[in-house]
Amino acid sequence: MNPSLLPSIILSISFIFILIPTVISSTKTISYSDHCNSFVPEAIPTTFAFTRFPFLETLTSHYTGAQNILDHPDSLSQRYLRFTPERNISKTNTYNTYKIQAALSFHPSNIDYFQSNRSRLFRPLVFNLDGLLSVSTNKLCMVGSARWFSKKGKHLKLDAVLKLNLPRIMNLNTSLVSGILESLSYPDNSNYFEPISMMGFPHAAHSKYIYSLVSDEECNGLNGYRNSVASIESVDVCSKFKYNFKIYELENQGSGYPFLSLYGFQCSYEEKKLRFLVEFQDASYSPWYQSFNPNKTLIGDGTWNGARNELCIVACHILNQSDPLGSAHVGDCSVRLTVWFPDVRSIKNTHTTEGQIWSTKKAGDDGYFEPIKFQSFDHSWENYGTKYEFTKLEKVRRVCPRSDVAIEEGVAYPSGYNGDMTFDMSVKYGNVDSTGSAIPIFVGDQVYNSYEGFGSNSSPWQEAINHAGPTNISYEISFRTFANSTSESESGIPSLSSTNNGRVQISAEGFYDRETGRLCMVGCRNLNSSRNESRNESFDCEILVQFQFPPTNQKNGSFLIRGSIQSLREKTDVLYFDRLNVVSLTFTKTEARESIWRMDLEIILDLISGTLSCFFIIRQLFYLKKNPEMIPSISVLMMVILTLGYMVPLVLNFEAMFSYRRHLQTIPLGGSGGLLEVNEVIVRIVTMVAFILQFRLLQLTWSKNNRNGKSHWNHEIRTLILCLPIYIIGGLIMLLVDWKNDDYITPSQRSIWGDLRSFVGLTLDGFLFPQIILNIFQISKGNALSGLFYAGNTFVRLLPHAYDLYRGQTNISRQLDRFYLYANPRTDFYSPSWDVFIACGGVVFAGIVFLQQRFGGQFVFPKRFQERVEYEKVPVASNE
């Protein structure tokens, strides 16, 4: 035996002995009988079963425990799990016992979906399980494992046993699924995890759910504070409440939570009854997950009471939560809720939905609480009311006399009934900015709808649109204050804030004048109870709200809606706040229509430019195939610049694509959004083809110069040494000029990155500059570049600037510049002066190249400075 092989043999044998135990341990199966036989006795699978068990498919769920491996922050009080049975369910030799495989995954709930895959902390923990279901005892036991890793990054194999109690009869009291997942490792083992308690409510769509507790009579015992209620002949409760989170604001927070949510997760279309999760919340958000926290969530059944025009809900508590395998159950069904839709709305009652929650227990009993009113806290399209009572119009006439505003001839403003009246806004007070929304409620005596109102031809709307003079209008204005202001006196936040979470809600009514575009209203805001105990006031109605809408037929100027919110009180009043300046953030319908037309035109121009670029590059490739001796006279630096000019937009297109889709949702494009995305894809395909062709041209130039020795590269290096400082100095100069010039860029867009992008565009516009320098160094004479290539590409680069001159700088909306698909103001220098300067420079460069190829690279110098070098023309031998 060769002695040199001995170390290798020893190493191999050692590796085998180390590997065998690892393989055996990793393939070792978990014994079902050892861990589950006492819960669900073991049975032998026989035949495939064509059946489903819907009570296993939990839709709403919650879990606690396993902090040592899941490591969720304390703020993640709500978490959900998913139990997903596989289709291969088998019968067994035991009656009503089935073999089941499933995946059990644990998710932190209030983490964004896109963040869940970026961190170990927020990845779902998935167990692959195998076990038996006993329908006779309604118990499930499974064993399995999951791959995980510790906080230090060590890989773990978590063996576990799952035990669940399942419902026997599907009704409100018996529909709870509860159980526990326990580790099969010892506590001192790194693979050990703390027990996980679970509970959830299955979606019983495929089995009969019995709505046994709810009826029309359940909520008739408390009349409460109901005023005028909208009379509704029929309501589709399933489409209105199923799979929709409805968030309401509680009038007082005796429970400690300011908000109440209703989530209907199952509905009977025949009975018109639903199953609800009723949850007390400390934030007014609608979660995307179907989770619940048993400590503050009730489970209930609801039905529509047609006689009273209200939704009635019977809700129950989840009891004995600490004993999921024993006494945990649904009980104490003493909570009632009613939800209705007001018929008449006013400045102090703008809510589209109202309701009440109370306990049927006697005062003094454990769990009793006084009736609590709740209401929708923002605008909603579920409104059934058809009347609005204006009460502040006389006051508006006093503070906003119409004679103060001049009427301009030939200027048109929004009618007041189209979608331009709804807008998001930016609110500035002191050094703090906030965002919010302004949504009309009624215009005249018509309920406002930004979608139906826009372009509606119905007779009431058309009659209102033709109405001359100011129009009655009411608004809901909402924005949030921030706690990071410099001081209370500077921002006015404490006196302005209406709720504990800093959210300001203002209901306003007044007049909109379509002849001047002026909207003037008096507003009322709910007062924080902690600030008005001594005043005994619920509303502050000393607020003046004004907005100025831009003309719809203007060709120049801003599309922004500007306005203010200010207090009419004296500065010494505790409810006084400083003036708030408001600017719209969303786009008007008029601006959207113009942008759509412009984007269609720019896509056509982009396609034409891309197609021409492909044609010019192909023409140059064919030209070099016939004249290969001209390749060394082509600037590699110029080819690199052109190649990067096609490559960079393709790389950045991933970011632009997400930004485009995200911002596209805020502009009312109607049905054009999808078509625009398709056209964008076509443009990117053409750009990709141009990039491939240009890269081939770069490769051909590069490889040919490599074969021709160092002399050609010496000229390239000299060209680079000369051009690079010019580019750097030019970029710095443009940066300084850019920051001082207000004609073509706004302060919000002044950024180093944006300036660099613009200068890169300028460099591409002057792509012939390196070729001109190389021609000088090489003293070249001959047509290295096809006339169509350099003249055509010059035309392609200058076409956006010609289009920009046609478009006009005043028509560029800085809000919509992200939607400029061609001649984008963010990617080049665009202004009348820059457009003319760049166009002239491009034509001059193309003319210089033409003259250099005709008279020699140094023709621009006087003859005494030209190097007189003559080359004898000899035949070129090619090995290709």
- Task: Among the residues of the range 602-642, count how many are more than 20 Å from V689 (Cβ to Cβ) and either surrounded by fewer than 18 Cβ atoms within 10 Å (Cβ to Cβ) or not assigned by TED's automatic domain parsing to the domain that holds A846 (or both).
- Result: 4
- Task: Give me a count of the residues in the range 798-814 that are under 32 Å from the mean Cα position of the chain (by Cα) and at pLDDT 50 or above.
- Result: 4
- Item | Identity of the residue in the range 171-191, more than 38 Å from the chain's Cα centre (by Cα) and in contact (Cβ under 8 Å) with a residue 60 or more places away in the chain, that ends up farthest from I313 (Cα to Cα) | L184
- Item | Sole exception among (1) surrounded by 14 or more Cβ atoms within 10 Å (Cβ to Cβ); (2) at pLDDT below 80; (3) more than 18 Å from F193 (Cα to Cα) for N117, by number | (1)
- Task: Kindly check whether there is at least one residue in the range 54-77 that is modelled with pLDDT of 85 or more and part of a loop (DSSP other than H, G, I, E, B).
- Result: no
- Message: Checking the structure you have, find out if any residue of the range 609-623 is in a helix (DSSP H, G or I) and over 24 Å from L768 (Cβ atoms).
- Response: no
- Of the numbered conditions (1) surrounded by fewer than 21 Cβ atoms within 10 Å (Cβ to Cβ); (2) over 25 Å from the mean Cα position of the chain (by Cα); (3) under 17 Å from S61 (Cβ atoms), F280 fails exactly one; give the number of that condition. (3)
- Query: Can you tell me which residue in the range 392-439 is modelled with the lowest pLDDT, limited to those that are over 25 Å from R503 (Cα atoms) and hydroxyl-bearing (S, T, Y)?
  - Reply: S403
- Look at V574 and say whether it is on the phi < 0 side of the Ramachandran plot, modelled with pLDDT under 90 and among the β-branched types (V, I, T). yes
- Message: So P258 passes all but one of these: (1) within 34 Å of the chain's Cα centre (by Cα); (2) at pLDDT 90 or above. Which condition number does it fail?
- Response: (2)
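The values are calculated or read from the model by the stated rules, or taken from the named source; none is laboratory data. Given the structure is predicted, the values throughout are model-derived calculations rather than measurements. Heads up, the Cβs are rebuilt from the backbone with ideal geometry, glycines too, and the neighbour counts pull from every protein chain shown.
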